[in-house]
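**Student:** Mind having a look at this structure? Questions to follow.
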Amino acid sequence: MLRPAVEHYRAQQRLVAVTASAVRREWDSIGADFDAGWARVGPRIVTLMTAAQVGAARDGAAYVGQALEEQRVTVEPVAAVNVSRLVGAYSVDGQTLGDLGAVLYGAVVRARTAPAESLGDRLAAGRSWLDMATVTQVADAGRAATGVGIAARPGVGYVRMVHPGCCQRCAVLAGKSSRSIAF
């Protein structure tokens, strides 16, 4: 396996873990009044997530050149990755669905509507939702930047790499060229 691939994967995992921990700390101080609490912690959570998306996107864009260099492949990009277009939004499978702040408010919605009897259980439901959103949105920004970095280099593709615990859809694609099968 390419050294840059392993290093990039580990760096992205560390970024997600650090961000999730910081987001949890903010969420844990929201209190019983969800609206007042979100008005206080929501902007900080959005800032944390956006900063993590920027880091993931910058690293994802840089990774493409590092991986090519490791393989002694020289293909200059025809355009640069515009990181600012990949952050501050909530996306699924590369499709932007909305403003990140508005979507992260979903943690409050989840906490309010959770089938729970105690405030602690409601807060746990919101925290769980934020954990999912953090992992998805930070990783998606990195993946999107990597994809743009690849697309900006004529004739360059990739081979799918997976790690234990991946979903079935990913597992069957392990080792396949980006040109041989779509996700």
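The values are calculated or read from the model by the stated rules, or taken from the named source; none is laboratory data. Keep in mind it's a predicted model, so treat the numbers as computed, not measured. With ideal geometry, Cβ positions are generated from the backbone for all residues, glycine too; neighbour counts draw on all protein chains shown. For accessibility, only protein heavy atoms count, side chains too; no ligands or nucleic acids. Shrake-Rupley method; radii C 1.70, N 1.55, O 1.52, S 1.80 Å.
**Student:** Quick one: 3J(HN,Hα) in Hz for segment 156-168, Karplus 6.51/-1.76/1.60 with θ = phi - 60°, rounded, Gly and Pro as x.
**Tutor:** 9, x, 8, 10, 5, 10, 10, 10, x, x, 6, 6, 5
**Student:** Among 60-67, 154-161, 113-120, how do they line up by average Cβ neighbours within 10 Å per residue, starting with the highest?
**Tutor:** Going from most to least packed, we get 60-67, 154-161, 113-120.
**Student:** On to the next question. I want to check the label-to-label distance for residue 18 and residue 168. Put each point 7 Å from Cα in the C-beta direction and report it in nm to one decimal.
**Tutor:** Distance between the two pseudo-spin positions: 3.7 nm.
**Student:** Accessible area of residue 86, 1.4 Å probe, to the nearest 10 Å²?
**Tutor:** Here the residue's solvent-accessible area equals roughly 40 Å².
**Student:** Also, I was wondering about something else. If I fit a long axis through the Cα atoms of helix 34-70 and take the longest principal axis of the Cα atoms of the chain, what angle between them do I get, 0 to 90°, rounded to 10?
**Tutor:** Between helix and principal axis, roughly 10 degrees.
**Student:** Additional query: With all protein chains present, how much of the accessible area of segment 8-67 (probe radius 1.4 Å) comes from carbon and sulfur, to the nearest whole percent?
**Tutor:** 56 percent
**Student:** Are there any trypsin sites (Lys or Arg not before Pro) in segment 1-106 that are in a DSSP loop and have at most 15 other Cβ atoms within 10 Å? List them by number.
**Tutor:** Of the trypsin sites (Lys or Arg not before Pro), the ones in loops of segment 1-106 whose Cβ has at most 15 other Cβ atoms within 10 Å are 72.
**Student:** Taking Cα atoms, how many degrees apart are the long axis of helix 119-151 and the longest axis of the chain, rounded to 10 and kept between 0 and 90?
**Tutor:** 20 degrees
**Student:** I've got another one for you. What list of ³J(HN,Hα) values in whole Hz, one per residue of segment 3-11 in order, does the Karplus curve 6.51 cos²θ - 1.76 cosθ + 1.60 (θ = phi - 60°) give from phi, with Gly and Pro shown as x?
**Tutor:** 4, x, 5, 5, 5, 5, 4, 5, 5
**Student:** Could you work out Rg/(2.2 N^0.38 Å) for segment 1-145, with Rg from alpha carbons only?
**Tutor:** Rounded to two decimals, the normalised Rg is 1.19.
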